[in-house]
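Written below as structure tokens is the structure these notes are about.
None of the figures in this text is laboratory data; all of them are computed from the coordinates on show. The model shown is predicted, which means the values in this text are computed figures rather than measured ones. Cβ: placed from backbone, ideal geometry, glycine included. Neighbour counts: every protein chain shown.
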Amino acid sequence: MSDEPSELYDQPVFERGDKVIAAKAVRNDGTFPGASRGEFLIRKGEVGYVHSVGTYLNRFYIYSIDFIECGKVVGMRANELTLAEAAPPHPDDVQETQPRGIPS
């Protein structure tokens with residue numbers, strides 16, 4: 001078992017919709033269907049978008065990244081990614097400038 005501390009004590013590094021760049025090439029570890037074990041799935045520098053955030057072994061965040069240009073969705077760890085552009089805030093998270101109940 002890894003000596004790495006649990007990442008789950010902190011918030012995820014990336015959020016759904018963030019534009020990210022692969023910081024390193026990723027090979028198939030045998031869990032990606034339709035690709036041979038060891039085959040390159042993603043090359044360093046490819047751009048993708050965070051589709052969802054999950055966990056692995058109750059210790060690590062796994063980011064499901066949609067690499068649109070190559071048509072692959074690949075699970076990656078934060079150390080394999082660099083933020084290119086944060087997602088815009090969700091409408092539910094935006095503070096209203098007009099008080100409720102007052103017509104604009």
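Points to keep in mind about this one:
- Segment 7-89: relative contact order in percent, alpha carbon pairs under 8 Å with at least 6 residues between: 36 percent
- Quarter of Cα convex hull surface for the chain, i.e. mean projection, nm²: 9.6 nm²
- Proximal charge balance of L8 [Cβ under 14 Å; K/R count +1, D/E count -1]: -1
- For K44, the aspartates and glutamates whose Cα falls under 18 Å of its own Cα, not counting residues fewer than eight places away in the same chain, are D18, D29, D66, E69, E80, E85.
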